[in-house]
Amino acid sequence: MFAGYKSIKKSHKLSTEKTLVIELPKRIKTIAFQVQMQQHNNIKGLLPMKFISSSRHLHYEHGSLVTLSAILMQDTIPHTMFVSLLLNITRTIKEASDYGLKSTGFALDADYIYIDQQSQKCYFIHLPISTKDSGISPVRTFVNNLLTNTQQTDNLSPPSPTPTLQGLGEHQNDDYIKQVQTILNDPIDLYTLEEKLTKMLHTSSIDTTTGTDATTEILEKSFYLECSQNGNLERIPLNKETTLIGRKVGLVDYVCNSKSVSNFHASFKRHGNEIIIQDTESTNGTYINDIRLSGKLRLSAGDKIRLADVEFVLAHNF
């Protein structure tokens with residue numbers, strides 16, 4: 001849903017089985033760089049978007065993906081899937097923030113969250129409009145709507161059927177739901193929310209039959225980059241899903257002072273105990289052990305990474 005934008009509507013006439021079309025009123029301003037970011041970058045977790053400026057229509061291609069509301073109409077969802085969904089939302093908002101997209105632009109509504117039923121991956125839509133970022137506030141509102149059995153749609157579509165969670169309302173799992181609510185009610189940022197949800201998902205598996213906790217221990221390696229800048233040895237932790245390095249102050253996770261480095265030079269994505277590097281169309285290139293990077297590459301501890309003329313070494317503490 002789009003809080004404060006009740007005039008934004010889904011075009012039922014233009015939308016198809018594989019495409020969602022949203023109409024933007026003339027009074028709502030689009031942000032040019034956000035439009036460009038979404039149309040020219042494959043941002044993880046976001047549906048591909050095309051903006052038709054003449055008609056002010058936003059086209060989102062979802063193909064054979066199904067909406068969360070459609071899944072909820074058919075069945076209940078396990079608590080672990082619920083937490084995984086929240087984790088997906090949090091990580092996608094974080095990923096989008098690397099490209100300057102605001103959390104309030106997300107349509108966090110069961111009718112506009114799309115699921116790949118085979119992989120269980122979640123995909124979201126984002127409006128490139130002028131809004132004020134509000135951190136985890138949209139996530140908190142979305143969860144409260146689900147847990148209180150309300151779905152507000154802001155006129156994007158008719159109200160959805162009441163969503164349900166497996167075990168919701170049954171006493172054996174009340175503590176699990178309360179734990180989610182407690183986390184969201186704390187004054188935390190997206191990074192802390194991701195850490196808490198990840199820990200919750202990894203360390204506690206609820207047996208919905210007996211109501212008991214089956215605790216598992218999952219150990220993840222801690223990676224970081226070492227870099228000598230201005231005569232000082234610095235460590236850049238790679239504990240986020242995506243770490244962006246470049247020269248654009250305020251929009252990257254680590255700022256390089258060299259003029260040879262591009263604004264958004266390279267990204268380091270974490271997949272479990274693997275680090276994947278990708279050059280983000282930099283001008284002067286990314287080099288791994290003196291070989292220019294083309295596409296993506298899985299890094300190994302000790303690899304030497306050079307972004308233009310700035311050198312890093314991948315290290316770990318295990």
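The values are calculated or read from the model by the stated rules, or taken from the named source; none is laboratory data. Everything quoted here is computed from the prediction, not taken from an experiment. Virtual Cβ from ideal backbone geometry, glycine too; neighbours counted across all protein chains shown. Just so you know, the surface numbers come from the protein's heavy atoms only, side chains and all, with ligands and any DNA or RNA stripped out. Shrake-Rupley method; radii C 1.70, N 1.55, O 1.52, S 1.80 Å.
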(request) Grab the eigenvalues of the alpha-carbon gyration tensor for region 224-291, scale each by 5, take roots, and send me the semi-axes largest first in whole angstrom. (result) 18, 15, 13
(request) Please tell me which of these pairs span more than 28 angstrom C-alpha to C-alpha: K121/K178; K102/K248; K26/K259; K26/K102; K121/K304? (result) K26/K259; K121/K304
(message) So, R0 is 25 Å and r is the distance between the beta-carbons of E23 and N144; what FRET efficiency does that work out to, to 0.05?
(response) 0.35
(message) Which of rounded, prolate or oblate describes region 38-134 when judged by the alpha-carbon gyration tensor and an a/c cut-off of 1.5?
(response) prolate
(message) Heavy atoms only, 1.4 Å probe, whole protein assembly: order H316, H271, H79 by accessible area, highest first.
(response) H271, H316, H79
(request) Return the FRET efficiency for the residue pair E226, E195: r is the Cβ-Cβ distance, R0 is 25 Å, and the value is rounded to the nearest 0.05. (result) 0.60
(request) Give the long-range amide H neighbours of L293: residues separated by 5 or more places, or on another chain, with amide H under 5 Å away, using H modelled in the peptide plane at 1.01 Å from N. (result) T286, Y287, I288
(message) Once you place label points 7 Å from the Cα toward the Cβ at N42 and H57, how far apart are they in nm?
(response) 2.7
(request) Apply the Karplus parameterisation 6.51 cos²θ - 1.76 cosθ + 1.60, with θ equal to phi minus 60°, to every residue of region 66-72 and state each ³J(HN,Hα) to the nearest whole Hz, in sequence, with x for glycine and proline. (result) 10, 6, 4, 5, 5, 5, 5
(request) Can you tell me how much longer the chain between L251 and Q117 gets when fully stretched, taken as 0.36 nm per residue apart minus their C-alpha distance, in nm with one decimal? (result) 44.9 nm
(message) Please list 3J(HN,Hα) in residue order for region 250-256, calculated via the Karplus relation 6.51 cos²θ - 1.76 cosθ + 1.60 where θ = phi - 60°; whole Hz, with x for glycine and proline.
(response) x, 10, 10, 7, 9, 9, 9
(message) I'd like the Karplus ³J(HN,Hα) series for region 45-58: coefficients 6.51, -1.76, 1.60, θ = phi - 60°, whole numbers in Hz, and an x wherever there's a Gly or Pro.
(response) x, 9, 6, x, 10, 10, 9, 9, 5, 5, 9, 6, 10, 9
